[in-house]
Each structure stands twice: as C-alpha cells, then as structure tokens.
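Below is one structure; the comments refer to it alone.
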Amino acid sequence: MSDVQSPSDDVRRFLARLTDRNASRGPEPTWITARRQAGAARFEAMGFPHRRVENWKYTDVRAIARNDFAFSDDTSFSPATAAALTLPIEAHRITFVDGVFSAALSQLDELPAGVSLLPLSQALDENHEAVGGPLGRLTGVEFSPFAALNTACMEEGAVLRLAPGTLVDKPVVVQFLSRANDAPVMSHPRILVEAGARSQATVIEHHVGEPEAANFTNLVEEIILERGAILAHYKLQEAPLADLHVASIHVEQGRDSRFTSFNLNLGGGLVRNDLITELNGQGAEATFNGLFYGQGRQHVDNHTLANHNAPHTTSNENYKGILDDRAHGVFNGKVVVKRDSQKIEGYQSNANLLLSDRAEIDAKPELEIYADDVKCSHGTTTGQLDEEAVFALRTRGIDAQTARGLLTLAFAGEVLDQVGLDAIAERVERAVAGKLPERFNLAGLVETAAVLDEMAGD
C-alpha cells in the first residue's frame, strides 16, 4: 500500500504553523529555502504514518499528529534545575532548550585544536556552503514523513567537525532540555558530525527535562566517518514521561572506521528511534548496544539497519528491552548484505524481559543476504523473571522487591558492562533498579554480580 495520501487536518495544522514560522524568518540562502519547500511538500504528500505502513505497524503516532505544537524562542531555564539534570561529567557541552541554543548552559570555550563545535545557526552564518553539502545527504526527505517535517522546520542543532588525526580529550555532550511550558512546543533539531580520517571522539546525545514537560522533539542526526575514524556515540534518552520523541541517526562509514552506538532509552511517553549505518569501506565495523526500559504506558520503538555495502565489514548488535506495567516495546533489527559484499560478519541479538503480564513486546529480527561467503546470525527471546532465582535470593534475607531489582539489573548488565562512562551507567542502573535500597543503587552491578555469584557457587 502506498504511503502517499491526501493531506489531513493534522498535516494542514502543522504546515500552517510552518507557514507562520517562515513568515518570521530573515533572509537565508536559496538552497535552504528550497530544501524547506521540498521537505514541506514531501510531508504534505506522505502525511503522518499510519499503522498500515509496515515500518510503523506497531507504533501509533496520533498523540503527535493530533496535538497543536508551537515553536519556541525562549532559552530560559532554571540554572539549578539544569545543573541537577546535567550529566556529572567533564565535557565539551552544547545545550539546547526546547530546541533553541543556550549559550549560558553550554561550555564551548576550551575546545582543542582540530575540533569545531557550533550551533547549526552559527555554522550556517559562517559558511553555509560547507554545511549544505553534507546536511541531508544521508537522511533525505524521502526517508520518512518525520525526516521530511524536520527538513521543512529545521532551524537549530549542532555541527561537530573533527580534523584528520584529531583525538578529542573529553566527551562532546549535545544536551537537549525540555521545559514545562504553558502550552506544548516542538523542535526539529539537526546534528551533523564529520569525523576526519583517523580522528577519534566520544559523543553523548542527552535528552532530559523538567518532570511536567510535554513537548515534541523530532531529531535527525547524520554522522560521517572517514577512513580510520573512531566514534563512540551515546544516546541517553531520559525525557519526561509526557514528552514525545522521534529520531533518526544515519551513519556513513569509510574504510577501517569504527562506530559504536549505545542507545539507552528510559523516558518519553512515545519514542521512535531509527538507527542506520552504511558500511561503505572494507574493514569498517559497527557495534549497536541498546537498552530500553518502559513503565506505565510508555511506548518505545527501535528500528535498526546495518547495510553491508562493502566486503570485509562487520556489524554486531545486542539490544535488550525491559518492560513493566502496560509498557509496549518494539524492536525491528535488520542486517542487509549487498551483492558481492563477501567475507562479512553480521550478528544480531535481541532479548526482552517482561516484568508485568500486561507489558508487550513486538520483535522482528531480519537478515537479507545477497552474497554467499558470509557469517550471519540473528535471534530474539522474550521471558519473565525466574521465580526460582527470586526465591533463592529471598532465602538469603533479601526482600522480594529487591530480589527482582537485582535480577533485572543482572539482565541489563550485558549491555551496561560495555558502557565506558560511569556517569551514564549509574543513571541507567538507578532507573532500571527502581526503588532498590540505596546500598544496591550505589554499588550497582558489582553488588548484583557478587550476590548471583554466591548463588551459583551453592
């Protein structure tokens, strides 16, 4: 079935907001105007995705489509609240409040040589032609209705450039703060990362906000890794439970490049993530680590795709889902091996833990192979906590709630053990552990492993 449909009232309402916004803009390069128009036209033609579209079969976006979101120009945010929400990590930091750049909450004055980190608006003002080439090259308006809407509405975001051979001394944090506004607002940020040959960096994309915030973020991120570049990318999504979050991350990998993704989803009422990598050069490697935790009526949808476009490339994916109450999770992971892409390795694993009889998961791992000399595997499992293990912990004087928390942490441990930043690992541990006693929160998985090791030895 075609995904092109006549414009609905919901689409017209979003386009009307865009028309008003465009009328308030100052002069801009003609190519930007042309791309906005192309994005708006494609969004109008496609409309919001419905559940008859295969890629959106399990995700209902009416909570987005039927709302009336405004644009924001306000960067005010309580410094004390921002400090409490910010990751306690020494970093180069660029911060946005409801999609608007906040110089006051950013730390951009100690960037090392070879590193450029700018808000998109400034990067366009300084050299719009240099930004225009890579911007939109990986994620065009045809990718999805939300990518088209992002292109039509894009105003701000982050542009990170690494010169060849640059090793960034501290993580680069791109922080998005969501504020509790009188009326809900929307933002359509772009992130562009260009990593030169043999450069190396860690990028942390952090979404968090005031508890009562109820906004819509529609993000597009494009990452270009040249030959031998190494990038660790963390996405820590702790948005308020009433926030709506749609994002795509599209990566292009050159020869011998290394891309490692940590996609950690804890917040948001409706969340959709698309993660795609194009393994275009021999020796390129991609690792996808994912953990999503849902409670209440949260809905978290992760779609991943590894395109092996060149021989001698490797992808390895491990996603885990933990769902409680009436939360709903979706995992759709796909590995595509193109014709003549021989000697590749593609591995995919998805495991899910349901903490409630009313929680639900829809999992669909896929392999699509057009070469004959490959090593590929995929698999998915779904289950509940082992009641015998819970009982064994209780016989050691641990109450039922703590026992369940320990076992849940142990389930998440395979992903969290790979996280190289303690500040992020601790945030996730606390969210997953729920109301564990503080002694377990502080010790995290170390205490968990000790208790379970003791059990295994008995």
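The values are calculated or read from the model by the stated rules, or taken from the named source; none is laboratory data. Fair warning: this is a prediction, and the values are worked out from it, not measured in the lab. Positions of Cβ are backbone-derived with ideal geometry, glycine not excepted, and every protein chain shown enters the neighbour counts. Note: accessible area is taken over every heavy atom of the protein model, side chains too, but ligands, DNA and RNA are not part of it. Shrake-Rupley method; radii C 1.70, N 1.55, O 1.52, S 1.80 Å.
Would you check which residues across the range 245-273 are crowded, with 21+ Cβ neighbours inside 10 Å and either touching a Gly at 6+ places or on another chain (Cβ under 7 Å) or of a type in the set (D, E, K, R) (or both) and list them?
H245, E252, Q253, G254, S257, N263, R272
Could you please find all residues in the range 367-408 being assigned to a loop (DSSP other than H, G, I, E, B) and at negative phi?
Y370, A371, D372, D373, Q384, L385, D386, T395, R396, I398, D399
What number of residues within the range 392-408 are touching a helix residue (DSSP H, G or I) at 6+ places or on another chain (Cβ under 8 Å) and exposed (fewer than 12 other Cβ atoms within 10 Å of the Cβ)?
Number satisfying all stated conditions: 2.
Go through A45, A41 for me and flag whichever is within 30 Å of V330 (Cα to Cα), surrounded by fewer than 16 Cβ atoms within 10 Å (Cβ to Cβ) and either under 24 Å from the mean Cα position of the chain (by Cα) or of a type outside the set (D, E, K, R) (or both).
Just one listed residue meets the conditions, A41.
What about A232, is it open to solvent by 20 Å² or more (accessible area, probe 1.4 Å), out of contact with any strand residue (DSSP E or B) (no Cβ under 8 Å at 6 or more places or on another chain), small (G, A, S) and at pLDDT 95 or above?
no
Which of the residues spanning the range 269-290 are assigned to a loop (DSSP other than H, G, I, E, B) and touching a residue at least 60 places away in the same chain (Cβ under 8 Å)?
G269
Does A242 satisfy being more than 24 Å from V168 (Cβ to Cβ), open to solvent by 10 Å² or more (accessible area, probe 1.4 Å) and assigned to a loop (DSSP other than H, G, I, E, B)?
Against the criterion (more than 24 Å from V168 (Cβ to Cβ), open to solvent by 10 Å² or more (accessible area, probe 1.4 Å) and assigned to a loop (DSSP other than H, G, I, E, B)), A242 qualifies.
Residue by residue through the range 160-185, note down the ones that are over 30 Å from E226 (Cα atoms) and either touching a Cys at 6+ places or on another chain (Cβ under 8 Å) or β-branched (V, I, T) (or both).
V185
Would you say A123 is without any contact (Cβ under 8 Å) to a residue 24 or more places away in the chain and either touching a Leu at 6+ places or on another chain (Cβ under 9 Å) or under 20 Å from A229 (Cβ atoms) (or both)?
No: the conditions fail for A123.
Within the group S24, S78, which residue is among the polar types (S, T, N, Q), more than 23 Å from the chain's Cα centre (by Cα) and open to solvent by less than 60 Å² (accessible area, probe 1.4 Å)?
Testing whether each residue is among the polar types (S, T, N, Q), more than 23 Å from the chain's Cα centre (by Cα) and open to solvent by less than 60 Å² (accessible area, probe 1.4 Å) leaves just S78.
Given the residues D68, D60, which is the only one that is assigned to a loop (DSSP other than H, G, I, E, B), over 22 Å from the mean Cα position of the chain (by Cα) and surrounded by 12 or more Cβ atoms within 10 Å (Cβ to Cβ)?
D68
Report the residue count in the range 332-366 for those that are open to solvent by less than 60 Å² (accessible area, probe 1.4 Å) and assigned to a strand (DSSP E or B).
Selection size over the range 332-366: 20.
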